[in-house]
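Worksheet: the structure to be examined is printed underneath.
The values are calculated or read from the model by the stated rules, or taken from the named source; none is laboratory data. None of the values given here were measured: they were computed from a predicted structure. Please note: Cβ atoms are built from the backbone with ideal geometry, for glycine as well, and neighbour counts cover all protein chains shown.
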Amino acid sequence: MSVEAPAATGNMGEPHPRFDARLKVTGGARYASDMPVDNPAYAYLVTSAIARGRIVSINLGEAQNVPGVLHIMTHENTSKDVKDSKLFSDGGFSGTSIIPLQSDKVWHDGQIVAVVVAETYEAAREAGYRVKIEYEAEQPSATFESNGVQVQAAADVKKTHEDPKVGDFDGAFASAEVKVDATYFTPTQHHNPIELFTTTCAWAGDKLTVYEPSQTMYGMKNGIASQLGIEPEQVRVVSNFVGGAFGSKGSLTPRTALTAIAARRVGRPVKLVATRQQGFTIATYRAETKQRVRLGASRDGKLTALSHEGWEVTSRPDNYMVAGTDATTRMYDVANVQSKVSIVHADRNTPGFMRSPPELPYMFGLESAIDELAYALDIDPIELRRKNDTMKEPIKGLPYTSRSVMQCFDEGAKSFGWSKREPKPGSMRDGDWLVGLGCAMSCYPTQMAPSSARVRLSQNGELRVETASHEIGNGAYTVIGQIAAERLGVPYEKVSVVLGDSDYPAAPVSGGSITTASVCNCVAEACDAIRAELGINDPKGDVLAALKSRGRGAIERYAEWTPKGVPDGALAKLYSGQAMPTGGTKDKERIMFAFGAEFIEVRVHQRTREIRVPRIVGAFAAGRIVNPRTARSQLMGGLIWGVSSALHEATEIDKRAARYVNKDLAEYLVPVNADIDQLEVFMIPEEDHEVNPLGIKGIGELGNVGTNAAVANAVYHATGKRIRDLPIRLETLLA
Amino acid sequence: MTFRNALTLNINGSEHEVFIEPHWTLLDVLRREIGLTGTKENCIEAECGVCTVLLDGKAVCSCILLAMQAAGRSITTIEGLGTPDALDPLQVAFLKHGAVQCGYCIPGMILTAKSFLAEHPGTPTRHEIREAISGTLCRCTGYQKIIDAIADAGAEGAQAAS
C-alpha cells in the first residue's frame, strides 16, 4: 500500500499541495506548443536515411507542388544562416556542434536535412515525404567494437578532466586477499519526456519570441541570439510549463534556430512539433558505457584497492563525456585508487545529459562490483558497506559536509525486512517464483549555481516571486513559493510564483539537481532584504503590519545569490546564459553529496524467467527537505526510473547501419503502471549547514542512482546468475 | 486545391462548427481549430494515451480518430470535466494525493480513469486500476500516487451511489 504525503518531521517543510496542480488537472496549464500565435505556418523536419556520407542531390519538385507549401530549407539555401554552435559542456549553449543544413555532410542517422514549411501540419508532412534525397553513403561506425571508431583518453581531450587516483593500486590489487575483476555494460537510453520537442518562433520586427519547453531560459536566450547573430536583448524565451525534460531540454538543439529562420523567411510565426521518432536523433541521449571495475579487499572485508575504468560513446566531432568515476572513486574508504575514462567516437548524434548523467551508469558498475565482493567474502552486502564507510573521501582526504548513508541503509533495511533474507543465491522461493533481495547505495553531488530573483510584498498581503527558473515537474513553483512564504511569515495561499520566461531575473539551468538549492537561497535573501528594509528582524515579526504602518503600497527587492567558491563574475555569466555550478566534488575544502540506500525484491519465474519487481524501498538523506510531498514524488519517480534502467530501457542500434531501430514508445520500453507494485520512500532527517545557507541538497536525480545495481544484485540473489549487461532480459536469464 | 468540409462537433456540451479537411484527426481539430489545448499531443500512434478524450463517455485516443468520425457524438475533453467551483471527484483526488508532476499525461490519465470508473462501478482493486491505466504513460512515473487518487475517487463514487 501507498501512504499519504509524509508529515513534516525533522528539518522538513510543510507538504503543501503543488502550486500548479489545479491548472494541470483542469487542462489549464499551457505548455510551449499550446501557446497561441497569430496565423502560424507549420514546419516538418526531413531527416537523413544514412548515418555517414554526403548528400549528392535534393529534388524538391514534387514537394513544392504539394498545395500549401510555403518554403523548403536545405543546405543549398541555409548554409550560412547559423553562426555559432559551441558545445554546452565546453561553455557554449548547444548540445551538439553538428549544425544541420550547413553543408552536404551527414554526421549521423536522423540528422535534419530539410525543413518544410506549409499552411498546415499535414501539408508540411506530406511535402516532407516527397523531398527526394540522393546520398553517397559511407560505412558508418555504430558503437564499441565497430570498425572505424576512434578512442581517446578523456584527459587528452579535455583540459579540466582529472582521472582520480591515489596510492598504489597495482601493488595493492596484486597482493589483495580477495578480488573482483568484472566488466559491465549500460545501454543507450533516450529521455523520452512525454512532451515532444516543440518550438514556436514569432518575430515582431527584429524581436523574436521563442516558445519552447526548456530547462534553460537564459541559455536559450543567449544561445539562440548567438546562433542567429543578433543581440540577446532581441530574444525572449517563454516556457511556463515543461512536460518532462530529464536533461533533454537543457541545452540548445539545432531545431530552434532553424525554426526562427523559417519564421523570418515566411514572414509569420512558425510552429514545429517534431515527431517522437525524430526526437531520438534531433536531441541528445544517454550514451552506452563499458566499465571495468576491479576491487581488492582483505579477508575481513576491508577494501584495499579500487580501479574503475570507463568507455563512453560520443559523436565524431564532439568530446562529450559524463566521467562518473569522479563520484565512484570517492564513495568508500580505500587507500589505493585508480581510474580512467575514455571516449569512443562513432557516427552518432552527440549524447548529452540524462537524469544523473555520470552516476546512473557508473554507480551500476561500482555497486554491482561491491555486491560481487560481498559474495566473494561471504559478508552481508550492507555490512561490507558499513566496514568501508567513511566521512572523508579518499582521493584528497576532504571531509563530507554530511553523509548519512548508513542511517539510510539501517532504516531502509528495517522497513524492507532485510534480516529475513537468506544469503545464499536461489535459496528463497515462493511457489514457481525465485525470490531475490538486493540493495545498493545511491549518491548525488550537491551542487549550487548563482541565481537572481525579485520578490514583491503588496499591501493586500500578496507576495509575488519572479525568476526565470523552470517547472519541469520538479515542483519548482511550489518550493520557491514556500520558502518565500516561510521567510516572510506570509500564508502560502497568498504567494504567487512566476517562472519560465527570460524577461524575469536570471536563474541557472535546471540540471544537476541545482534548482531548489540555488533559487530558494536567492529568494530567501530577497525576503531578508524586505525584512531589513521594514526593520523587522524578529522572524516572527509581522512584515505586513510594518508595511502598512509605514504607508507603503508595496515593497520589492531584487537579490543575487552566489554560492561559496564560484569565481568572480559568475553573476554576469549567469545573465549571459552560463550556470557555473559549484559544490559536489568541485569545492577545494570539502565534498558535498546526498545519499540513499535502495532495496529491491525481484521475483523470477523458474521456467519462463519472467522478472517482476513486487517491492521497492528507498531511504534518502538530503539535508533540508523543503516539501516532503513533492520530494517524495521526485524520489519515487527516480526509483521507477532506476528499475526501468535495469529491466526496460534500451535504444537498440542496427550496428551495420548505425541507426536506431526502436524509435517509438511501442518499442522503447518504459515501465507502465502494471510494472510497478509496492514502492516506499523514507526521508531520513539530516541537517547540513555547510552546503548552503538553507541546508538544501538537490534530490531530482538522487532517486534513480544505484537502483539498477540493486535490481541486478536481487536477480543474482534469486537466480545465482550475475548479469553485467543492462537491461536484464528473460532471454539472458534463460541462456 | 484542398477540400474542406463543414462539420459540427459536440464538445463539452457545446456545438462547434468547423471547416476541415477530411483526413484531420480529432486531436488536431481540438487543439488547432477549437483551441482546446488541454488534450495533449505526443506519439500520434495510440501508444501513450496523452491525447485521450471521452467519446460518448468512453476513453478514445483522439490522435488516431478522424474528426469526421466524432460527428453526432458527445466529446468530452479535460476542459469539460467538472466546473471551476466543483471539480470532478477525480480531479479533486489527483490534487489531494499530489498525483501530478510535470502534468503532461494528467488530462489523458484522468479521462482514462473516468471512463474506467464509469464502466466498473464499485471499488476496483489497485491491481485492476493499474491494468486499466497501463496504456497511459507517465514519464515522471508518479504511478503510485495516481493509483491512490483513482482508488480514492472510485471509493467515493461507490459511496455516493450506495
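Reported count of residues in the range B:8-59, each being assigned to a loop (DSSP other than H, G, I, E, B) and β-branched (Val, Ile, Thr), is 4. Of all positions in the range A:45-62, none carries a residue that is exposed (fewer than 14 other Cβ atoms within 10 Å of the Cβ) and at pLDDT below 95. Filtered by the rule that a residue be out of contact with any helix residue (DSSP H, G or I) (no Cβ under 8 Å at 6 or more places or on another chain), among the aliphatic types (A, V, I, L, M) and within 12 Å of another protein chain (Cβ to nearest Cβ), the range A:617-651 gives A:Ala631, A:Leu635.
Take A:Ala529 and tell me if it is assigned to a helix (DSSP H, G or I), of a type in the set (Gly, Ala, Ser), in the same structural domain as A:Ala572 (by TED's automatic domain parsing) and surrounded by fewer than 24 Cβ atoms within 10 Å (Cβ to Cβ). Taking the combined requirement at face value, the residue satisfies it. Comparison of B:Thr141, B:Thr136, B:Thr83, B:Thr123 shows that the only residue that is in a loop (DSSP other than H, G, I, E, B), at pLDDT below 95 and more than 11 Å from chain A (Cβ to nearest Cβ) is B:Thr123. Within the range B:60-80, restricting attention to residues that are assigned to a loop (DSSP other than H, G, I, E, B) and away from every other protein chain (no Cβ under 13 Å), the residue that is surrounded by the fewest Cβ atoms within 10 Å (Cβ to Cβ) is B:Gly72. The set of residues from the range B:94-120 being buried (at least 22 other Cβ atoms within 10 Å of the Cβ), at the interface with chain A (Cβ under 7 Å from one of its Cβ atoms) and within 18 Å of the chain's Cα centre (by Cα) comprises B:Phe94, B:Val100, B:Gln101, B:Cys102, B:Gly103, B:Tyr104, B:Cys105, B:Ile106, B:Pro107, B:Ile110. A:Gly91 meets the stated requirement of being at pLDDT below 95 and farther than 30 Å from B:Lys114 by Cβ. Filtering the range A:652-674 to residues that are within 14 Å of another protein chain (Cβ to nearest Cβ) and farther than 30 Å from A:Gln407 by Cβ leaves A:Asn662, A:Lys663, A:Asp664, A:Leu665, A:Ala666, A:Glu667, A:Tyr668, A:Leu669, A:Val670, A:Val672, A:Asn673, A:Ala674. One residue is enough: does the range A:345-368 have a residue meeting the conditions small (Gly, Ala, Ser) and surrounded by fewer than 24 Cβ atoms within 10 Å (Cβ to Cβ)? For the range A:345-368, residues small (Gly, Ala, Ser) and surrounded by fewer than 24 Cβ atoms within 10 Å (Cβ to Cβ): absent.
The residues in the range A:254-271 that are in contact with a Cys (Cβ under 6 Å, 6 or more places away or on another chain) and part of a helix (DSSP H, G or I) can be counted, and the count is 3. Looking at A:Ala142, A:Ala137, just one residue is touching a strand residue (DSSP E or B) at 6+ places or on another chain (Cβ under 7 Å), crowded, with 16+ Cβ neighbours inside 10 Å and over 20 Å from A:Ser251 (Cα atoms), and that residue is A:Ala142.
Here B:Val50 clears all of (1) crowded, with 20+ Cβ neighbours inside 10 Å; (2) within 29 Å of A:Tyr668 (Cα to Cα); (3) among the aliphatic types (A, V, I, L, M); (4) away from chain A (no Cβ under 11 Å) except the condition numbered (4). Only one of these conditions is not met by A:Ser510: (1) polar (S, T, N, Q); (2) more than 14 Å from chain B (Cβ to nearest Cβ); (3) touching a residue at least 12 places away in the same chain (Cβ under 8 Å). Which number is it? Among (1) polar (S, T, N, Q); (2) more than 14 Å from chain B (Cβ to nearest Cβ); (3) touching a residue at least 12 places away in the same chain (Cβ under 8 Å), the lone unmet condition for A:Ser510 is (2). The single residue among B:Thr76, B:Thr37 that is in contact (Cβ under 8 Å) with a residue 60 or more places away in the chain and either among the polar types (S, T, N, Q) or in the same structural domain as B:Gly154 (by TED's automatic domain parsing) (or both) turns out to be B:Thr76. Screening the range B:4-28 for residues that are within 10 Å of chain A (Cβ to nearest Cβ) and either without any contact (Cβ under 8 Å) to a residue 24 or more places away in the chain or hydroxyl-bearing (Ser, Thr, Tyr) (or both) and picking the one that is nearest to B:Glu79 (Cα to Cα) gives B:Thr25.
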